[in-house]
1. On full extension of the chain, what length is gained from Glu200 through Leu117, given 0.36 nm per residue of separation minus the C-alpha to C-alpha distance?
2. From Cα pairs below 8 angstrom and at least 6 apart in sequence, can you work out the relative contact order of the chain, rounded to a whole percent?
3. Which of the GluC sites (Glu not before Pro) found in the range 35-114 are loop residues per DSSP with 13 or fewer other Cβ atoms within 10 Å of their Cβ?
4. Checking the table Lys72/Lys163; Lys40/Lys158; Lys97/Lys158; Lys33/Lys133; Lys172/Lys201 against a 29 Å threshold on Cα-Cα, which pairs fail?
5. Can you give me the relative contact order of the range 108-197 as a percent, contacts being Cα pairs under 8 Å and 6 or more apart?
6. Roughly what angle does helix 125-138 make with the longest principal axis of the chain, taking Cα atoms, 0 to 90 degrees, to the nearest 10?
Amino acid sequence: MKKFILFIAYLVLPFIGRAGEGFDKQLFDAYQKEEMSVWKEYIESLQPSAVSSQTLIYEYGYCGYIVAEAKKEGKEALLPEAKRYVQQFREHVEAQKGQLPAGHYEMYMSAVMVYELRLHIAIRPIKAMSLAKEATRLAPEDPLVLSYYGTSLFYAPKPFGSKSEALTWFEKADSHFRDPQWNYCWVREATKMYIRQCHEKLGR
């Protein structure tokens, strides 16, 4: 029993009280290895008072992951869990309204609406796209916002989006992600992946 408790502490303690670059690197490494259970442990360890702009980046990413998993054939049992995480994410975004960097509230609420659309909770695709666009107006040099808008255009059906337009926004985001402060941001890695996918889709 003692060994089990120590094992749990080993998993959770690194996430309690953000430890700077090492904290981001741990979650970034897990993302690269597709060990999303590590992200789940982190999100579950959060106390309401610990929710912040930084933690929402990981909730946003994990919700995208768990929603995609739940929509796969044979994994329908994950749907209640996906809905729970999306609802929690919505509540955390709403609680941080007014405290987030410019454009981040709009970006995250757009993501919430996209997840709810995929889970058939609410159908508001036009509102989701308009919020994503508004986020770029409020934060025209924020790589998180620019990359999110690119993602919206990448997945949106015509005439709402296109791969070529998405590529433009991903490249803008990538240019801003080159600052060392973003070295261990998972969205930076995802943006590079989307740039490759855009070129593939465009036959380049």
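Derivation of every value follows stated rules applied to the coordinates shown; laboratory data play no part. The structure displayed is predicted, hence computed values, not measured ones. With ideal geometry, Cβ positions are generated from the backbone for all residues, glycine too; neighbour counts draw on all protein chains shown.
1. Length gained, Glu200 through Leu117: 27.2 nm.
2. RCO, the chain: 14 percent.
3. Glu35, Glu73
4. Lys40/Lys158; Lys97/Lys158; Lys33/Lys133
5. Values: 97 pairs, mean separation 18.1, N = 90.
Here the relative contact order equals 20 percent.
6. 90 degrees
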